[in-house]
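K.L.:
Quick one: the structure is below, questions incoming.
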Amino acid sequence: MMRSLEPRKKCMVGFLVVVLLIMGVWLVLQNREIEIRFDENGGLIVPDKPWYEGNIQYMKKVADLETRLLEMEKQDNFGGATPQETFDAFVEALKAGDTELASRYFVINDQKNELRELAKLSDEQLSDYLEMLMLGNNFSCNDGLGWCELYGTYQEKNVLIARFMYIEQAKVWKMESL
C-alpha cells in the first residue's frame, strides 16, 4: 500500500510545480511595463492589450507609459529658448559634421529617424542640405499654441524650411520636421 502512494505524491508534486511555473510566468508578464517605441512616422506605438491582462492593469501600464514619455521629454533639453536658437544650434552641429548632436534638436519621437537620415548624407549632400537650410529667413509663430514655422524664398516662392514646437516639459523649442 505504501508503494501506491509514492507515484501519487510524485504526480501531485509535479502538478504543483507546473502550476507554480505557470503562475510565475503569468506574474512576470503582468508586471512588464510597455516599452517606449515609435513607428517610422514618429507615432507612439501602444501595443494591443494582451489576452492574459486585465483592463485595469493594462490601462495602468498605458498611463505609466505616458508618464515615462513626459519625463523623457522633460529631460531632453536639447533646444533653444527660441526657434531661431534651436535652428542655429542644429545648423552648427551639421556644419561640424555631428549628425548625432543635430538629431537631438528634433522632438524626441523623431530623433532616431532623423539620425538615420542625416547619417546617410554624403559630404556633398550635406553641403547642399545646409545651403537649402540657409534659405530660411522668415519665422511665422504662434507662441500661444506652441508652434513656429521657418520659411525661405526659393525661386521666388515662399517655401517651408522647418517646423518647430515648444516642449513645455523641457522649456525648449524642438524641430518637428524639415
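K.L.:
Does Asp123 count as of a type outside the set (Gly, Ala, Ser) and within 17 Å of Gln84 (Cα to Cα)? Let's see the steps before the verdict.
P.N.:
Numbers: of a type outside the set (Gly, Ala, Ser): yes; within 17 Å of Gln84 (Cα to Cα): no.
No; evaluated as a whole, the condition is false for this residue.
K.L.:
Inside the range 113-123, can you point out the residues that are part of a helix (DSSP H, G or I) and out of contact with any Gly (no Cβ under 9 Å at 6 or more places or on another chain)?
P.N.:
Kept after step one, since they are part of a helix (DSSP H, G or I), are these residues of the range 113-123: 113-120, 123.
Scanning the range 113-123 gives Glu114, Leu115, Arg116, Glu117, Leu118, Ala119, Lys120.
K.L.:
Pairs please, first residue from the range 49-72 and under 30 Å from Ala170 (Cα atoms) and not assigned by TED's automatic domain parsing to the domain that holds Glu168, second anywhere and surrounded by 14 or more Cβ atoms within 10 Å (Cβ to Cβ) and of a type in the set (S, T, N, Q), Cβ atoms under 6 Å, 6+ apart in sequence or on different chains.
P.N.:
Leu70/Gln169
K.L.:
So, of the residues in the range 108-144 that are under 24 Å from Phe38 (Cα atoms) and surrounded by fewer than 19 Cβ atoms within 10 Å (Cβ to Cβ), which turns out to be farthest from the chain's Cα centre (by Cα)?
P.N.:
From the range 108-144, those under 24 Å from Phe38 (Cα atoms) are 108-121; that's our starting set.
Of the ones still in play, those that are also surrounded by fewer than 19 Cβ atoms within 10 Å (Cβ to Cβ) are 112-113, 115-117, 119-121.
Values: Lys112: 8, Asn113: 10, Leu115: 13, Arg116: 14, Glu117: 16, Ala119: 18, Lys120: 20, Leu121: 22 Å.
Per the stated criteria, the residue is Leu121.
K.L.:
Follow-up question, since we're still on this one. I'd like to check something: does the range 165-172 contain any residue that is assigned to a strand (DSSP E or B), free of Cβ contacts under 8 Å to residues at least 40 places away in the same chain, of a type outside the set (S, T, N, Q) and not assigned by TED's automatic domain parsing to the domain that holds Pro50? Spell out the reasoning first.
P.N.:
In the first step, residues of the range 165-172 are kept if they are assigned to a strand (DSSP E or B); the result is 165-167, 172.
Applying the additional criterion that residues be free of Cβ contacts under 8 Å to residues at least 40 places away in the same chain yields 166.
With of a type outside the set (S, T, N, Q) added as a condition, the list becomes 166.
Checking the rest, the ones that are also not assigned by TED's automatic domain parsing to the domain that holds Pro50 come to 166.
Checked against the condition, which is being assigned to a strand (DSSP E or B), free of Cβ contacts under 8 Å to residues at least 40 places away in the same chain, of a type outside the set (S, T, N, Q) and not assigned by TED's automatic domain parsing to the domain that holds Pro50, the range 165-172 yields at least one hit.
K.L.:
Could I ask something else about it? Looking at Val18, Val25, can you tell me which residue is part of a helix (DSSP H, G or I), modelled with pLDDT under 75 and among the β-branched types (Val, Ile, Thr)?
P.N.:
Working: Val18 fails: modelled with pLDDT under 75.
Matching residue, one of Val18, Val25: Val25.
K.L.:
Out of everything in the range 145-158 that is of a type outside the set (D, E, K, R) and surrounded by fewer than 16 Cβ atoms within 10 Å (Cβ to Cβ), what residue ends up being farthest from Leu44 (Cα to Cα)? Let's see the steps before the verdict.
P.N.:
Going residue by residue through the range 145-158, those that are of a type outside the set (D, E, K, R) are 145-148, 150-155, 158.
Filter once more, keeping what is surrounded by fewer than 16 Cβ atoms within 10 Å (Cβ to Cβ): 145-146, 153-155, 158.
Values: Leu145: 21, Gly146: 20, Thr153: 34, Tyr154: 34, Gln155: 37, Asn158: 32 Å.
Filtering the range 145-158 for residues that are of a type outside the set (D, E, K, R) and surrounded by fewer than 16 Cβ atoms within 10 Å (Cβ to Cβ), the one farthest from Leu44 (Cα to Cα) comes out as Gln155.
K.L.:
Hey, can you tell me all the residues within the range 68-107 that are surrounded by fewer than 17 Cβ atoms within 10 Å (Cβ to Cβ) and part of a loop (DSSP other than H, G, I, E, B)?
P.N.:
Asn77, Ala81, Ala96, Gly97, Asp98 - these are the residues of the range 68-107 that are surrounded by fewer than 17 Cβ atoms within 10 Å (Cβ to Cβ) and part of a loop (DSSP other than H, G, I, E, B).
K.L.:
Considering every residue within the range 138-154, establish whether at least one is part of a loop (DSSP other than H, G, I, E, B) and either polar (S, T, N, Q) or modelled with pLDDT of 90 or more (or both). Spell out how you get there, then give the answer.
P.N.:
Here is the first cut: in the range 138-154, the residues part of a loop (DSSP other than H, G, I, E, B) are 143-146.
Checking which are either polar (S, T, N, Q) or modelled with pLDDT of 90 or more (or both) leaves us with none.
No: the range 138-154 contains no residue that is part of a loop (DSSP other than H, G, I, E, B) and either polar (S, T, N, Q) or modelled with pLDDT of 90 or more (or both).
The values are calculated or read from the model by the stated rules, or taken from the named source; none is laboratory data. Bear in mind the structure is a predicted one, so any value in this text is a computation, not a measurement. Note: ideal-geometry Cβ built from the backbone for every residue, glycine included; neighbour counts use all protein chains shown.
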